[in-house]
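Worksheet: the structure to be examined is printed underneath.
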Amino acid sequence: MGILNDDAVLIEPGKISGDPTIVTVNCPDESGLGSTLCRIILEFGLSITRADFSTDGRWCYIVFWVTPDISSPKIDWDSLKNRLLSACPSCLGSFYFCLQSNVSKPPSLYLLKFFCRDRKGLLHDVTKVLTELEFTIQRVKVMTTPDGRVLDMFFITDAMDLLHTKQRQTKTCDHLTAVLGEHGVSCELELAGPELESVQRFSSLPPLAADELFGPDGFDNSGSSSNKAVLTVDNQLSPAHTVLQIRCVDQKGLFYDILRTSKDCDVHIAYGRFSSKVKGYRNLELFVRGTDGKKIVDPKHQANFCARLKEEMVCPLRVIIVNRGPDTELLVANPVELSGKGRPRVFYDVTLALKSLGICIFSAEIGRHSTLDRQWEVYRFLLDESREFPLASLRARNQVVDRVTKTLMGW
């Protein structure tokens, strides 16, 4: 395996303020690499405004034009470059050699536990710190006590793989203490062992809620007739590839959704162009092949792939509000990749939306739910009543679903 230099990933700032930053990746190819790179870019709070990529199956060349999301004004570009380099399938110097040598080893799971006085927006503020420190939230348990205190337990993994060091642990607790301020009481961090398995357990969804969330009625929870995708398959334009032309409403993570779905459906993209947004829509052109390296000519295969791709583009997330006894619960779900990974920054965006509405979260959980054809990551938020949003009101509930959906989709 050869060693690449840092030029495998180049980051070029925009020439003037407001211009997108250009990220170029030039390295050996592997299955699902494009999806992995898009995931990392999303984890840093960036939106992909354009993209061009090509591969011959051995080497790939990808160019992303990216801009920070409104909620992520500060980007650590050096850290982004390091993460992208570590995802490339070759050893990239001594630092990246260590990362690559452990690529098959699952990341260590840590339990971050803190106990403090509750306040509006607390959960999002903590989530923001963890996201900026490049932690991935795998599971969470949030419980509010009758005296207005909150016990938060975050099960996290570290993208830097440094949480076993005292310096990284101290930095994490210091950042959290700065956010909690006078509200903070205690903060603990430990390796999550088997004895904590019961704490991670996810309470099962009520059957009626599961039917509403994962049934056919949940396919397009926006209710907007314009939120559609048009796909055209052509086997005449290219002698070696099936050409897939897509016109779809724009949304955050659209390019990621297309690449992850193609990877999970064993469709290999040899060349693609993700064009700039025009009147709220994106146009894409993909040159694809099946696992046998040939065109996709089987009508059933074409239909199944297009149907799956359309569903993932139109409705990559499900958002509903249900009753949980006398209380009100917000449910958010997204498909899990075949690799076992969920969608980036969902917990961040949902807590941001609820904070902007002034809604307090009484308890929260993240877990997995399996249906007949796939696995889902499910986020459960038990919401506190407020005078601004009396959650017994259908109008207030619709406002919550609308704000959460728009935040998740970048609308």
Exercise. Please work out how much length the chain gains when fully extended from Leu338 to Asp147, using 0.36 nm per residue of separation minus the C-alpha to C-alpha distance, in nm with one decimal.
Key: 64.5 nm
Quiz item: In the set [x] 19, 41, 24, 13, 3; [y] 20, 41, 35, 4; [z] 25, 58, 17, 0, which value of P(r) over Cα pairs in 20 Å bins from 0, in percent was calculated from the structure you see?
Solution: [z]
Quiz prompt | Within the chain, helix-based [θ] at 222 nm, where runs of 4 or more DSSP H residues each add -39,500 (n - 2.57), nearest 500 | solution = -9000 deg cm²/dmol
Quiz item: Short version: ³J(HN,Hα) in whole Hz for each residue of region 330-338, in order, from phi by Karplus 6.51 cos²θ - 1.76 cosθ + 1.60 (θ = phi - 60°), x for Gly and Pro, what are they?
Solution: 9, 10, 10, 9, 9, x, 8, 4, 4
Quiz item: Taking only C-alpha pairs under 8 Å that are 6+ residues apart, what is the relative contact order of region 282-411 in percent?
Solution: 22
Self-check item: DSSP-assigned coil residues among trypsin sites (Lys or Arg not before Pro) in region 328-411, each with at most 11 further Cβ atoms within 10 Å
Solution: Arg387
Practice problem: Report the residue, chosen from Thr136, Thr232, Thr21, that carries the largest GNM mean-square fluctuation when the chain is represented by alpha-carbon nodes joined by springs under 10 Å. | Solution: Thr232
Quiz item: Most fluctuating residue of Val314, Val297, Val142 in a GNM of the chain with Cα springs under 10 Å: which is it?
Solution: Val297
Practice problem: Sort largest first and round to whole Å: the equivalent ellipsoid semi-axes of region 212-338, each the square root of five times a Cα gyration tensor eigenvalue. | Solution: 31, 16, 12
Self-check item: Within the accessible area of region 1-79 (1.4 Å probe), percent carbon and sulfur
Solution: 53
Quiz item: For the chain, with only Lys/Arg (+1) and Asp/Glu (-1) charged at the beta-carbon, what is the dipole magnitude about the Cα centre, in debye rounded to 20?
Solution: 600
Quiz item: Roughly what would the spin-label model give for Lys74 and Gln399, points 7 Å off Cα along C-beta, in nm?
Solution: 3.2
Quiz item: At a Förster radius of 45 Å, what calculated FRET efficiency corresponds to the Cβ-Cβ distance of Ser386 and Asp56, to the nearest 0.05?
Solution: 0.20
Exercise. Please report the relative contact order for the chain, taking Cα pairs under 8 Å with a sequence separation of at least 6, and give it as a percent rounded to a whole number.
Key: 15
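The values are calculated or read from the model by the stated rules, or taken from the named source; none is laboratory data. For clarity, every value in this text was computed on a predicted model and none was experimentally measured. For neighbour counting, all protein chains shown are included, and Cβ atoms are generated from backbone atoms with ideal geometry for every residue, glycine included. The accessibility values were calculated without ligands, DNA or RNA, using every heavy atom of the protein model including side chains. Shrake-Rupley method; radii C 1.70, N 1.55, O 1.52, S 1.80 Å.
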